[in-house]
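The values are calculated or read from the model by the stated rules, or taken from the named source; none is laboratory data. Note that the structure is a prediction, hence the values are computed from the model and not measured. Neighbour counts run over all protein chains shown; Cβ positions are idealised from the backbone, glycine included.
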Amino acid sequence: MNTSKFLVMFLVEDDPGDQKLVKSALASQEAPIELRIVGNGEEALNYLKQSKDGSMESPRPSLILLDLNMPGMGGKEFLKCIKADEKLNDIPVVVLTTSDSEDDINECYKLHAAGYIQKPANIQELKKIMKETVKYWTTNCPYAKI
């Protein structure tokens, strides 16, 4: 893995327990990761608006991890908004959700999600999945920083 690159990962997740699990799983990774967390789609769009304006407090994400089921603006609506914005639509979005519905999976890919991961039941499996995710995106993401 190219450890000279780092990712600015952006987690859009309303559940504090899941936020903590993802944070813990990412903390054990080899690649340097700057993790930013927001609790819903509206907060995520506000963050990304600041990011577009060049805010130092809101660095542009290299990768977005997106939950589908959130109060207010859900993941699919957020995905539609970001992919409709020409200044944001090139940021890869990986859906990280409990849903294994074929309809959800197909709809997310039609909305241009870069990936779809069903949340595993235990932290060890989540660490393994996050390791593979980080490895892939530090190698293949043009927005990973050097």
(request) Identify all residues within segment 48-69 that are surrounded by fewer than 19 Cβ atoms within 10 Å (Cβ to Cβ) and either in contact (Cβ under 8 Å) with a residue 24 or more places away in the chain or of a type in the set (Lys, Arg) (or both); write none if there are none. (result) Lys49, Lys52, Pro59, Arg60, Asn69
(message) For segment 70-93, give me each residue that is surrounded by fewer than 16 Cβ atoms within 10 Å (Cβ to Cβ) and within 14 Å of the chain's Cα centre (by Cα).
(response) Asn89, Asp90
(request) Go through Val38, Val134, Val94 for me and flag whichever is of a type outside the set (Ser, Thr, Tyr) and touching a Gly at 6+ places or on another chain (Cβ under 6 Å). (result) Val94
(request) Considering only residues that are free of Cβ contacts under 8 Å to residues at least 60 places away in the same chain and over 24 Å from Asp85 (Cα atoms), look in segment 10-29 and name the one that is surrounded by the fewest Cβ atoms within 10 Å (Cβ to Cβ). (result) Gly17
(request) Give Ala44, Ala113, Ala25, Ala31 a once-over and let me know the one that is touching a strand residue (DSSP E or B) at 6+ places or on another chain (Cβ under 8 Å) and either of a type in the set (Ser, Thr, Tyr) or at pLDDT below 95 (or both). (result) Ala31
